[in-house]
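Below is one structure; the comments refer to it alone.
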Amino acid sequence: MAEAIIGPIIGLAVSAMTAWQLIDGFRRGTMEAPYWGFAFSGRRKDQPFRFWMLTLLLAFWMIGGIFLCIGIMFFPNGLAG
């Protein structure tokens, strides 16, 4: 039962955090992914490859959090249950 409550909360938190990082990165022109023990950054003007790779990384985390939230809401006992 706890997974049915905590799972969507974690999914929404991950999605909201990465969505904010994406929006802030596009607004400032510098995409940053500061995670535990390491940090990546890329500027749109002089580092376009790093900028877009970080954008894809953050978008992957955001979409994963959304799928986690939706999956737990519709399949609280997993796919096998």
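The values are calculated or read from the model by the stated rules, or taken from the named source; none is laboratory data. Keep in mind the model is a prediction, meaning the values are calculated, not measured. Cβ placement follows ideal geometry from the backbone for every residue including glycine, while neighbour counts extend to all protein chains displayed. The accessibility values were calculated without ligands, DNA or RNA, using every heavy atom of the protein model including side chains. Shrake-Rupley method; radii C 1.70, N 1.55, O 1.52, S 1.80 Å.
Here are some notes:
- Only listed residue being among the aromatic types (F, W, Y) and more than 11 Å from the chain's Cα centre (by Cα), chosen from F60, F75: F75
- Segment 43-56 residues that are over 18 Å from A19 (Cα atoms), paired with ones that are among the charged types (D, E, K, R) and at pLDDT 90 or above (beta carbon under 7 Å, 6 or more apart): none
- Candidate set from segment 32-50 (those that are outside any helix (DSSP H, G or I) and touching a strand residue (DSSP E or B) at 6+ places or on another chain (Cβ under 6 Å)); member that is farthest from G7 (Cα to Cα): R43
- The set of residues in segment 51-79 that are more than 21 Å from I6 (Cα to Cα) and among the polar types (S, T, N, Q) contains only T55.
- A residue that is at pLDDT below 90, assigned to a loop (DSSP other than H, G, I, E, B) and open to solvent by 50 Å² or more (accessible area, probe 1.4 Å) occurs somewhere in segment 55-76.
- The set of residues from segment 18-36 being open to solvent by less than 90 Å² (accessible area, probe 1.4 Å) and over 13 Å from A59 (Cβ atoms) comprises D24, G29, T30, E32, P34, Y35.
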